[in-house]
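Each remark here refers to the structure printed beneath this line.
The values are calculated or read from the model by the stated rules, or taken from the named source; none is laboratory data. Bear in mind the structure is a predicted one, so any value in this text is a computation, not a measurement. For neighbour counting, all protein chains shown are included, and Cβ atoms are generated from backbone atoms with ideal geometry for every residue, glycine included. Accessible surface is based on the protein model in full, side chains and every heavy atom, while ligands, DNA and RNA are left aside. Shrake-Rupley method; radii C 1.70, N 1.55, O 1.52, S 1.80 Å.
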Amino acid sequence: MLSRCRSGLLHVLGLSFLLQTRRPILLCSPRLMKPLVVFVLGGPGAGKGTQCARIVEKYGYTHLSAGELLRDERKNPDSQYGELIEKYIKEGKIVPVEITISLLKREMDQTMAANAQKNKFLIDGFPRNQDNLQGWNKTMDGKADVSFVLFFDCNNETYLQSTKPIIDLYEEMGKVKKIDASKSVDEVFDEVVQIFDKEG
């Protein structure tokens, strides 16, 4: 069955005779929506993983962890980046941001290709510093929309040093939702729910 969008377009183009054929005709892009991204930031012990799992369950987001994607890619024998990631980690260097973004983009593209409605993503543990953010803006500008930054604040000073510039930048745009992560899991999630219900 052709979608209304597609058959309508065929009529407009004077190609309605194609409606009688059984071949699939892709005239409307299957991917009309850009990914909507929420960056999830917070230091170790902030409970990001638990909260992300609950957000996925309640709001249907797809959870992407930058760290997990890098680890999985590193272990994958067929990976185009595996050896490179391994080399950087062995040498104690930070994996180039382009690789991380490429993995995030690939996951988002694959998720949306499988189901165009699944265009909402939680990106956990990224961007961690200004280099990450600059790389994201350069690569993903116009290709994804950042809704807001969900910041689980647990007063972790070493973590804050690198992420504070990012928090500040998004705060200027009114896009930071700060949550006191020292509260109980349920209390934290109550605050999360208020934010996501409002952002709708």
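Numbers below:
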read-out: Pairs where the first residue, in the stretch 80-109, is assigned to a loop (DSSP other than H, G, I, E, B) and the second is of a type in the set (Ser, Thr, Tyr), C-beta under 6 Å, 6+ apart; value: VAL95/TYR88
read-out: Verdict on GLU86 being closer than 17 Å to GLY125 by Cα and either modelled with pLDDT under 95 or small (Gly, Ala, Ser) (or both); value: no
read-out: Test: GLY92 is modelled with pLDDT under 95 and closer than 22 Å to SER162 by Cβ; value: yes
read-out: Selection count, the stretch 55-67, where residues are of a type outside the set (Phe, Trp, Tyr), touching a residue at least 40 places away in the same chain (Cβ under 8 Å) and either crowded, with 21+ Cβ neighbours inside 10 Å or part of a helix (DSSP H, G or I) (or both); value: 6
read-out: Exclusive hit being at pLDDT 95 or above and touching a strand residue (DSSP E or B) at 6+ places or on another chain (Cβ under 8 Å), set ILE166, ILE195; value: ILE195
read-out: Some residue of the stretch 104-124 being open to solvent by 10 Å² or more (accessible area, probe 1.4 Å), out of contact with any Leu (no Cβ under 6 Å at 6 or more places or on another chain) and within 15 Å of VAL40 (Cα to Cα); value: yes
read-out: Close pairs from the stretch 43-54: first under 13 Å from SER182 (Cβ atoms), partner aromatic (Phe, Trp, Tyr), Cβ under 6 Å, at least 6 apart; value: GLY43/TYR159; ALA46/PHE152
read-out: Residue count for the stretch 135-181, restricted to those that are outside any loop (DSSP other than H, G, I, E, B) and more than 15 Å from LEU104 (Cβ to Cβ); value: 28
